[in-house]
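I have placed the structure first, in the form of structure tokens, so that the comments after it can refer back to it.
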Amino acid sequence: MQDKLMEFRGFRVNGFFILLLVLGLVALAITWFVQAVQQQDPMKGLRVAVTVVAAIFLLPGFMAIQPNDSRVLIFFGKYMGVVRDSGFFWTNPLALKKRVSLRVRNFNSKKTKVNEASGSPIEIAAVVVWKVVDSARALFDVDNYTEFVDIQTETAIRALATRYPYDPVEEETLSLRGNPEDIAAELRGEVQARLSVAGVEVIEARITDLSYAPEIAQAMLRRQQAQAVIAARRLIVEAAVTMVQQALNHLKEENIVDLDEEKKAAMVNNMMVVLTGEHGVTPVVNTGTLYS
């Protein structure tokens, strides 16, 4: 057997031609059998036996192959090629015909607990869409290619989860939750690198379930809520500062009122309270003093 098996086209012929040949042999055997009985000719009886044996010998060579299916031919332990064409064929009747499906399949991984890059325990699961592209390698290079896909996919998911944090630590850092498309491409490459030895092509790989482990889920939820509040307050403050600056510039450019530094500070303070406060502000109208 070759050191590195590669798929190549195996010997096959149209099965209907051989079927006609078998039917012809059967018809010939019947004719000779009738003549042997009538004429009491032992030689014709021998011909009948040989013809019947030949017809029976040809029968195991027939195979019907459906679309997206294949047969790997093995002749006394030697790899003899692969038949991928769909239809009715005949090949070496002494060869074993191992079926290998070429259809697209899904593998849904179990939810796995693993520590992400920051050390927090998370639960992660993924789906991998794959198919066999090299029947010879799938059959001979691994013991069971379907189990091999399952185990290697689980291993790839664990390896990927340990390299990236659940949430981004910095703005440019990839994270499992923040960059789903990039993580999906990374996962596909990770799984493909492990399954190439089995002649398997990974069409798509994507995370389907991602969450913190139950023991830290509540704490992480509070942290996420706090981060969201801080980000929202930061945005409100930045917008308020911009609005105050625009108001002061507009008053100065239009010469509406001349404010000294003390009055500017008071105006800035009042506007910041109004713009950043969480509750509505009650306005106070200054109508002047009672005594001048």
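FYI, it's all coordinate maths here, none of it is from the lab. Only a predicted model underlies this, so the values are computations on that prediction, with no experimental measurement involved. Ideal geometry is used to build each Cβ from the backbone, glycine not excepted, and the neighbour counts take in all protein chains shown.
Numbers for the structure displayed
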{"read-out": "Under 5 Å, built H, 5+ apart or other chain: amide partners of residue 200", "value": "133"}
{"read-out": "³J(HN,Hα) computed for each position of the stretch 106-121 - Karplus, 6.51 cos²θ - 1.76 cosθ + 1.60, integer Hz, glycine/proline x", "value": "10, 10, 9, 6, 6, 5, 10, 8, 8, 8, 6, 4, 7, x, 7, x"}
{"read-out": "Stretchable slack from residue 59 to residue 117, in nm (0.36 nm times residue separation minus alpha-carbon distance)", "value": "14.8 nm"}
{"read-out": "Point-charge dipole on Cβ atoms (K/R +1, D/E -1) for the stretch 70-223, about Cα centre, debye to 20", "value": "920 debye"}
{"read-out": "Karplus 3J(HN,Hα) series, Hz, for the stretch 96-103 with 6.51 cos²θ - 1.76 cosθ + 1.60 (x for Gly, Pro)", "value": "6, 10, 8, 7, 10, 6, 9, 6"}
{"read-out": "Nearest-0.05 FRET efficiency for residue 179 and residue 247, computed from C-beta distance (R0 45 Å)", "value": "0.70"}
{"read-out": "Formal net charge of residues neighbouring residue 142 (Cβ-Cβ distance under 12 Å; K, R +1; D, E -1)", "value": "-3"}
{"read-out": "Net charge over other residues, Cβ less than 10 angstrom from the Cβ of residue 184 (K, R count +1; D, E count -1)", "value": "-2"}
{"read-out": "Selection of chymotrypsin sites (Phe, Trp or Tyr not before Pro), the stretch 2-102, meeting DSSP coil and at most 11 other Cβ within 10 Å", "value": "8, 76"}
{"read-out": "Protection proxy ranking of 111-121, 243-253 - average other beta-carbon atoms within 10 Å, highest first", "value": "111-121, 243-253"}
{"read-out": "Farthest positive-ward along the stretch 13-98 dipole, Cα basis, beta-carbon charges - from 32, 42, 81", "value": "81"}
